[in-house]
Each structure stands twice: as structure tokens, then as C-alpha cells.
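To keep things clear, I will list the structure first and then write my remarks on it.
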Amino acid sequence: MRLLIIDDEEDICDLIAEVAERHGLTTQSVTDAEQVDSILNEFSPDVIMMDLMMPGVDGVELLRLLSEKAKTAQLCLISGSDSRVLNGARRLGSAHGLNVVEALEKPLSIQTLKTFFESVTKSKKDSDVGVRAQALAKGEFCLYYQPVVEISSRNIKGLEALVRWNRPDQGTLLPDAFLKQITDDGLMQELTLFVIREAIKQAASLFLSGRSLTMAINVTASTLLDLSLPDQIAEACEQSRLPTEKLILEVTETEAMRDVTRTMDVLLRMRLRNIGVSIDDFGTGHSSLRELQRMPFSELKIDKSFITDAPTNKDSAVIMNSIIDLGHNLGLKVIAEGIEDQKTWDLLNEKGCDFGQGFLIGHPMAASDIHTWIEKWEKGSP
Ligand code: C2E
Ligand code: MG
Ligand code: MG
């Protein structure tokens with residue numbers, strides 16, 4: 001493992017390097033912040049220990065640089081200032097998609113450093129860091145698409161893009177098997193950009209072939225903290241000549257409500273560019289009605305746990321019906337996910353739910369199967 005130490009105090013660099021080398025790490029120190037950029041071009045570190053207070057450059061600037069050049073490294077922040085500053089920097093680092101694993105206050109003791117390097121070397125063994133970064137670089141991730149239809153008319157509304165990992169030795173993996181590690185590796189931003197570009201390309205090709213379908217993309221709240229995202233999306237749409245109103249971003253209720261102000265900021269920017277925003281897995285988080293009213297959502301997706309068993313479970317049916325009413329009263333379009341049988345479809349139809357998605361309508365499918373599915377659906381099956 002390679003460790004980069006960024007600290008203007010040479011003594012501290014030496015101390016850290018000594019302890020690190022005893023734990024088997026190869027080290028490189030830099031005392032001048034101006035040199036960090038060029039060193040990152042030659043020495044690609046697995047771990048970075050960085051002093052937030054470097055003369056000449058501020059720590060925030062350095063965090064931005066690291067987020068561009070060393071995203072997958074495990075980052076340990078060090079600072080002589082109090083823990084609030086350190087924690088603020090830690091949050092900022094995470095918002096930049098960095099993998100901040102530790103924040104240490106100066107003065108550093110040998111014991112603190114030992115504990116840190118023990119955990120770093122152990123986590124390296126545990127988590128095969130680099131596997132997912134390589135998979136991304138090799139193009140092993142791909143998108144499946146699941147149709148969403150209007151319940152009253154059966155008209156096709158659009159598709160939701162769902163990521164898959166074609167792992168050569170393990171077959172096609174579902175998001176639950178890798179999204180958490182992707183986040184821990186600091187790769188979520190990169191994966192999201194891939195998903196956005198790929199989904200936009202697919203939607204644009206359908207659009208050009210005369211199919212004006214919406215394309216929904218799942219994003220995490222941390223990706224939304226990237227303030228350049230709305231422009232990047234609008235640009236990708238323009239390049240593919242896809243009208244931005246065909247695109248919908250889905251954020252889960254739990255994620256959206258974690259930092260309401262920041263999320264609202266980015267969602268509003270999306271809406272101003274005519275991009276739709278949907279609150280996903282609704283019913284599993286804790287939004288207050290006030291927040292729901294304030295957030296600029298255009299759609300609400302009821303979590304599948306209330307839909308799948310609605311015909312047999314009275315409680316689920318009551319919750320499903322209440323959410324449909326709530327959504328409609330707030331002026332939102334309501335989508336039910338997890339429709340697996342005709343009975344559920346009929347209940348939703350009676351209740352006036354706008355759109356539906358689920359195995360009854362179509363499983364998530366590869367891009368090459370979309371046209372066949374459309375033809376079949378339009379002929380009236382299932
Ligand atoms: P989600 O956005 O709520 O997506 C719906 C999930 O329900 C999908 O699981 C889909 O395959 C599954 N599903 C659809 N219809 C039915 C049904 O009738 N019955 C049942 N039991 N399940 C159904 P999947 O593809 O495994 O995705 C799981 C979650 O992973 C997604 O939930 C979404 O939150 C996340 N995810 C997927 N793709 C991405 C992505 O590109 N980026 C991010 N950040 N998250 C993603
Ligand atoms: Mg979704
Ligand atoms: Mg969902």
C-alpha cells in the first residue's frame with residue numbers, strides 16, 4: 001500500500017512515515033501544497049494523510065484537488081484546530097465523493113498512528129479496494145431498463161434505468177450487492193455519471209426512433225451535493241438531443257430528507273432545467289408533510305413493500321391508498337412500484353393511481369430487449 005503524507009511540518013511527516021513503514025506501507029511526503037498536484041500524477045496513493053492547514057493553499061482547495069485525482073484513496077484528515085472544523089472538513093470531503101476514513105487532531109501520538117495504520121491495512125485486506133474501480137474502468141457495469149406504464153390507459157410512460165455489474169467470475173450482480181461498497185470506495189459520483197450518460201444515450205436513441213419515453217435515473221443524496229450535476233446533465237441531454245423534460249431523477253425518501261436544504265437546492269436547479277424529480281421508496285423514510293410540500297418533487301413512487309401485498313394485507317392497502325391520496329392532494333403524479341399480479345393492478349386502477357411498474361408489466365431488461373417488450377405490450381400482453 002502506498003501512503004501520501006501532506007503536511008508542512010517535516011517532523012510530523014517523518015513521524016507518520018516511520019510508523020507507516022513499520023506497518024508495511026510505502027510512503028511519500030510532501031511539505032509544499034503547491035507540489036501535491038504533480039506528485040499525484042506520479043505516485044498514486046492508496047492512503048492519504050493530509051493536514052488541513054497548509055501555508056499558501058487552503059484545505060478546501062486541496063480536498064477539491066484530491067476529489068479529482070485521488071478519489072479512491074482512503075483519506076485521513078489531520079488538523080490542529082478543534083474537532084468541529086475537522087468534522088466540517090470531513091463532511092465536505094465526503095460531499096466531494098472522497099473516501100474520508102478518519103479525522104485526527106494534532107498533536108498526533110504514536111499510539112493513534114499505530115491504531116490508524118492497523119485499521120487501514122486490515123480494511124485493505126477486507127474490502128478488495130480497487131476491484132470496483134477497475135470494473136468501472138473496464139466497463140463491467142451496465143444498465144437494465146424497467147418499463148413504467150399509465151394504469152388507466154396502459155400507455156407506456158417510460159423506463160427506469162437500474163444498474164447491474166457483469167462480474168466475469170460471478171455473473172450479473174444486483175445493486176444491493178455492490179452499491180454500498182461503491183459508496184465506501186468513493187466511486188459513487190463516477191458510477192452516477194456513467195449511469196446518467198448511458199441512460200441519456202438510450203433515451204435519446206428511443207426518442208430519435210419516435211418513442212417519446214421518460215427515463216428515470218436513481219441518484220443518491222451525496223451525488224446531489226455536487227452543484228455542477230444539473231449542468232452536466234443538461235449538457236449530456238443537449239449533446240444527445242434529448243429534451244431535458246424526458247429525464248427524471250429519483251432520490252429515495254430517506255436520502256432526500258437527510259439534508260433538506262442542500263437537496264432542495266439541487267432539486268430546484270434540476271426543475272429549473274425542466275428535469276423531473278421523483279421521491280423514491282416513499283413510505284419507508286420520515287418526511288414531514290411540510291418538507292414534502294416544500295420540496296420541488298414532480299412525482300412520488302410508493303415503496304413496493306406496500307404494493308406487493310396490498311391485495312392480501314389490509315394494512316398495506318390502507319397505507320397504499322393514503323399515499324395515493326396524499327400525493328394527489330400535493331399535486332404530484334403517483335407511481336406504484338412492485339406490481340406483481342393482476343389483483344394489485346386492479347386495486348391501483350380503482351384507486352386512480354397514475355402509473356405502475358413491476359414484474360407483472362415487465363422485469364428490468366437489457367437495452368436490446370426493449371423493442372420486443374414494447375411490441376408485446378402494445379399487442380396487449382400480459
Ligand atoms: P428502486 O429504485 O426502488 O428500484 C426498484 C427495484 O425494485 C429494482 O431492484 C427492481 O428490479 C425491483 N422491482 C421492480 N419490480 C418489482 C416487482 O414487481 N417486485 C419486486 N419484488 N421487485 C421489483 P434493483 O434493480 O435490484 O435495484 C434496487 C435499488 O438499487 C433501486 O431501488 C435503487 O434504489 C438502487 N439503484 C439501482 N440502480 C441504481 C443506480 O444506477 N444508482 C443508484 N444510486 N442507485 C441505484
Ligand atoms: Mg428508483
Ligand atoms: Mg423504489
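At-a-glance table
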| read-out | value |
| --- | --- |
| Unmet requirement for Lys343, which otherwise passes all of (1) within 16 Å of ligand 3 (Cβ to nearest atom); (2) out of contact with any His (no Cβ under 8 Å at 6 or more places or on another chain); (3) not in a loop (DSSP other than H, G, I, E, B) | (1) |
| Pair list, Cβ under 8 Å, 6 or more apart: the stretch 198-226 residue outside the structural domain of Leu162 (by TED's automatic domain parsing) and over 24 Å from Asp184 (Cα atoms), other residue assigned to a helix (DSSP H, G or I) and open to solvent by 30 Å² or more (accessible area, probe 1.4 Å) | none |
| Qualifying residue in the stretch 227-245 (condition: open to solvent by less than 60 Å² (accessible area, probe 1.4 Å), on the phi < 0 side of the Ramachandran plot, within 16 Å of ligand 3 (Cβ to nearest atom) and not basic (Lys, Arg)) | no |
| Boolean, Leu162 is within 16 Å of ligand 2 (Cβ to nearest atom), assigned to a strand (DSSP E or B) and surrounded by fewer than 20 Cβ atoms within 10 Å (Cβ to Cβ) | yes |
| Boolean, Val120 is under 26 Å from the mean Cα position of the chain (by Cα), under 30 Å from Ile339 (Cβ atoms), at pLDDT 85 or above and open to solvent by less than 50 Å² (accessible area, probe 1.4 Å) | no |
| Matching residues in the stretch 305-339 - criterion: being in a helix (DSSP H, G or I), under 17 Å from Asn349 (Cβ atoms) and either within 12 Å of ligand 3 (Cβ to nearest atom) or of a type in the set (Val, Ile, Thr) (or both) | Phe306, Ile307, Ile323, Ile324 |
| Which numbered condition Pro107 misses (of (1) in a loop (DSSP other than H, G, I, E, B); (2) surrounded by fewer than 17 Cβ atoms within 10 Å (Cβ to Cβ); (3) touching a strand residue (DSSP E or B) at 6+ places or on another chain (Cβ under 7 Å)) | (3) |
| Qualifying positions in the stretch 299-350 - within 18 Å of Arg154 (Cα to Cα), surrounded by fewer than 18 Cβ atoms within 10 Å (Cβ to Cβ) and of a type outside the set (S, T, N, Q) | Glu340, Asp341, Lys343, Asp346, Glu350 |
| Number of positions in the stretch 203-235 that are within 16 Å of ligand 1 (Cβ to nearest atom) and within 18 Å of the chain's Cα centre (by Cα) | 15 |
| The stretch 255-284, residues that are within 16 Å of ligand 3 (Cβ to nearest atom), assigned to a helix (DSSP H, G or I) and surrounded by fewer than 22 Cβ atoms within 10 Å (Cβ to Cβ) | Glu255 |
| Residue check, Glu291 of a type in the set (D, E, K, R), under 27 Å from Ala256 (Cα atoms) and away from ligand 3 (no atom under 16 Å from the Cβ) | yes |
| Selected residue (only one of Ile12, Ile6 is over 22 Å from Ser94 (Cα atoms) and open to solvent by less than 50 Å² (accessible area, probe 1.4 Å)) | Ile12 |
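Okay, residues lined up against (1) open to solvent by less than 50 Å² (accessible area, probe 1.4 Å); (2) within 23 Å of the chain's Cα centre (by Cα); (3) over 26 Å from Ile335 (Cβ atoms):
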residue	(1), (2), (3)
Leu113	yes, no, yes
Arg154	no, no, no
Asp169	no, no, yes
Thr172	no, yes, no
Thr183	no, yes, no
Glu190	no, yes, yes
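The values are calculated or read from the model by the stated rules, or taken from the named source; none is laboratory data. Because the structure is a prediction, the values reported are computed rather than measured. FYI the Cβ positions are ideal-geometry reconstructions off the backbone, even for glycines, and counts take in every protein chain you see. Accessible surface is based on the protein model in full, side chains and every heavy atom, while ligands, DNA and RNA are left aside. Shrake-Rupley method; radii C 1.70, N 1.55, O 1.52, S 1.80 Å.
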